[in-house]
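Taking it in order: structure first as structure tokens, then the write-up.
Only the coordinates and a few stated rules stand behind these numbers; no lab work does. All values derive from a computational prediction rather than experimental measurement. Here Cβ is always computed from backbone atoms with ideal geometry, including for glycine, and neighbour counts include all displayed protein chains.
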Amino acid sequence: MAVKKHIVCLGGGTGTSVVLSGLKKYPVELTAIVSMADSGGSNRVIRDEFGLLPTSDIRQCFVALAENRNDLEHSLRELFVYRFPEGKGFKGMTFGNLFMAALTDIFGSQIQAIKKTGQILRIKGKVLPATLTDSNLVAVYENGKKVVGENLIDEPRHNGRLKIKKIYLKPNPRAYPEAVYAISKADLIVIGPGDLYTSLIVNLTIPGIVRALRRTRAKIVYILNLMTKFGQTYGIDAKEHVQLLEKYLGKGRLDFILVNSSRLPKPALKKYRAAHEFPVVDNLKDSYFKVIRGDFLSKKVTKKIPGDILKRTLIRHDSDKLAKTLIKLCRQ
């Protein structure tokens, strides 16, 4: 019997869940390593009111990996993505986050709550926190301004055209040991898509995670974002995206970069322009890594969920198209 290939997805937010949704259909061993620095929306309540680490990114990965074969499993998935559309203190909160907060109280440990949630949803794979250190993300901008909090970086109250010169987690985080082990045993590691600083590079500010990525024998794939992000990557092209990732990961560690070459829908682009966000200009050439271009675009335009108070991406990658290419790379 052939040993299953092990694929690790490193990131957070919607992008990682999109990748997982496609990969779970293949006979591979999956592990998601998720950012733990979110501080906006319902995560602010989870952190401030319950004193817990943020769980929204973990919840999204759970939903992506959950079984959905019958009415009961479908109902569980729907419950985990449900957002309360009203109610003081509840508006914008997801049932899934409250569920995990309750399990933490029952079992006395957030990591146990995470494991139990995975068992209840019968997920295909594992979802692991990148760290259990209660840290806040700090960004230093080109004008010397310092912003503390992932939510204030993600949805800036300052001039979003300013470039970020450096980010770090405070206090200095310790990598979750099981996450480090997963990276060491991986055959393929997928970084992205996702907000460059707040979903991806944030994990590369954890010394133990970076050391593991530099030592692993796994091939590393970076999935380039479709759009720039106001407040993070305004005016930054594809080459600069890669250079910024290399700044934290180290040069020479990327093996493949996936770039969408399909045309983006005009109605969505109009809405993005109003928010000062634009398609990432593809100016990449093969280097020590190989650039793989293709139609990786989802044809669906995302609709806002009632009760969701955060800004979400309108156009996304297609989970099945990404998975098909990633599986080919894993089998090489």
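The table below lists the values:
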{"read-out": "Stokes-Einstein translational diffusion, the stretch 73-132 - Kirkwood Rh over all Cα pairs, 0.890 mPa s, 25 °C, in µm²/s", "value": "197"}
{"read-out": "Positive-end residue, the chain charge dipole about Cα centroid, Cβ charges, pick of Gly231, Cys330, Gly96", "value": "Cys330"}
{"read-out": "For the stretch 27-48 versus the stretch 138-213, the gap between their alpha-carbon centres in whole angstrom", "value": "13"}
{"read-out": "Computed log₁₀ I(q)/I(0) - Debye formula, equal Cα scatterers, no solvent, the stretch 204-288, q 0.14, 0.26 Å⁻¹", "value": "-0.57, -1.31"}
{"read-out": "Listed residue pairs exceeding 23 Å between alpha carbons, taken from Lys219/Lys239; Lys91/Lys115; Lys24/Lys270; Lys116/Lys299", "value": "Lys91/Lys115; Lys24/Lys270; Lys116/Lys299"}
{"read-out": "Contact order relative to length of the chain, as percent, for alpha carbon pairs under 8 angstrom and 6 or more apart", "value": "20"}
{"read-out": "Within the chain: Cβ-based charge dipole about Cα centre, in debye rounded to nearest 20 (Lys, Arg +1; Asp, Glu -1)", "value": "820"}
{"read-out": "Loop GluC sites (Glu not before Pro), the stretch 72-172, which have at most 15 other Cβ atoms in a 10 Å radius of their Cβ (DSSP)", "value": "Glu86, Glu142"}
{"read-out": "Zero-based 5 Å bins, Cα pair distances in the stretch 27-142, whole percents", "value": "2, 11, 21, 24, 20, 12, 6, 3, 1, 0, 0"}
{"read-out": "Residue-wise HN-Hα coupling along the stretch 138-144, computed from phi with Karplus coefficients 6.51, -1.76, 1.60 (Hz; x: Gly, Pro)", "value": "10, 10, 10, 9, 4, 8, x"}
{"read-out": "Loop-located trypsin sites (Lys or Arg not before Pro) in the stretch 192-265, at most 14 other Cβ atoms within 10 Å (DSSP)", "value": "Arg217, Lys251, Arg263"}
{"read-out": "Base-10 log of normalised Debye intensity for the stretch 85-241 (one unit scatterer per alpha-carbon) at q = 0.09, 0.16, 0.20 Å⁻¹", "value": "-0.37, -1.14, -1.38"}
{"read-out": "Candidates Ile209, Ile111, Ile223, ranked by Gaussian network fluctuation over the chain, Cα under 10 Å, top entry", "value": "Ile111"}
{"read-out": "Fluctuation leader among Leu213, Leu204, Leu152 - the chain, Gaussian network, Cα springs under 10 angstrom", "value": "Leu152"}
{"read-out": "DSSP-defined beta bridges in the chain - what % are antiparallel, rounded to 5", "value": "35"}
{"read-out": "For peptides 31-37, 122-128, 11-17, sequence by mean Cβ density within 10 Å, most packed first", "value": "31-37, 11-17, 122-128"}
{"read-out": "Karplus (6.51, -1.76, 1.60) ³J(HN,Hα), θ = phi - 60°, over the stretch 65-73, in Hz, Gly and Pro reported as x", "value": "9, 5, 5, 8, 9, 9, 4, 5, 5"}
{"read-out": "Computed over the chain, the ratio Rg/Rh where both radii use C-alpha atoms and Rh is Kirkwood", "value": "0.93"}
{"read-out": "Estimated distance in nm for a label pair at Lys91 and Lys115, the labels positioned 7 Å out from Cα along Cα-to-Cβ", "value": "3.9"}
{"read-out": "Fraction in percent of alpha-carbon pairs per bin - 10 Å, the stretch 48-97", "value": "24, 47, 24, 4"}
{"read-out": "Gained length - Asp320 relative to Lys300, 0.36 nm times residue gap less alpha-carbon distance", "value": "5.9 nm"}
{"read-out": "Linear extension gain, Glu73 paired with Asn159, 0.36 nm per residue minus alpha-carbon span", "value": "26.5 nm"}
{"read-out": "Other-chain or far-sequence residues with amide H under 5 Å of Cys9's (modelled H)", "value": "Thr31, Ala32, Ile33, Val190"}
{"read-out": "Backbone HN-Hα couplings from phi across the stretch 15-23 [Karplus 6.51/-1.76/1.60, Hz, Gly and Pro as x]", "value": "x, 5, 5, 5, 4, 4, 4, x, 5"}
{"read-out": "Shape parameters for the stretch 142-193, alpha-carbon atoms, Rg then Dmax in Å", "value": "15.7, 42"}
{"read-out": "Residues of the stretch 222-246 with amide N under 16 Å of the 7 Å Cα→Cβ point at Ser261", "value": "224"}
{"read-out": "Long-range HN-HN contacts of Ser298 with modeled amide H, under 5 Å", "value": "Arg316, His317, Asp318"}
{"read-out": "Anisotropy class of the stretch 1-65 from Cα gyration tensor, a/c 1.5 cut", "value": "prolate"}
{"read-out": "Interchain or long-range residues, amide H under 5 Å from Val291's placed H", "value": "Ile257, Asp286"}
{"read-out": "Global geometry of the stretch 178-237, whether rounded, prolate or oblate, following the gyration tensor of its Cα atoms and the 1.5 cut on a/c", "value": "prolate"}
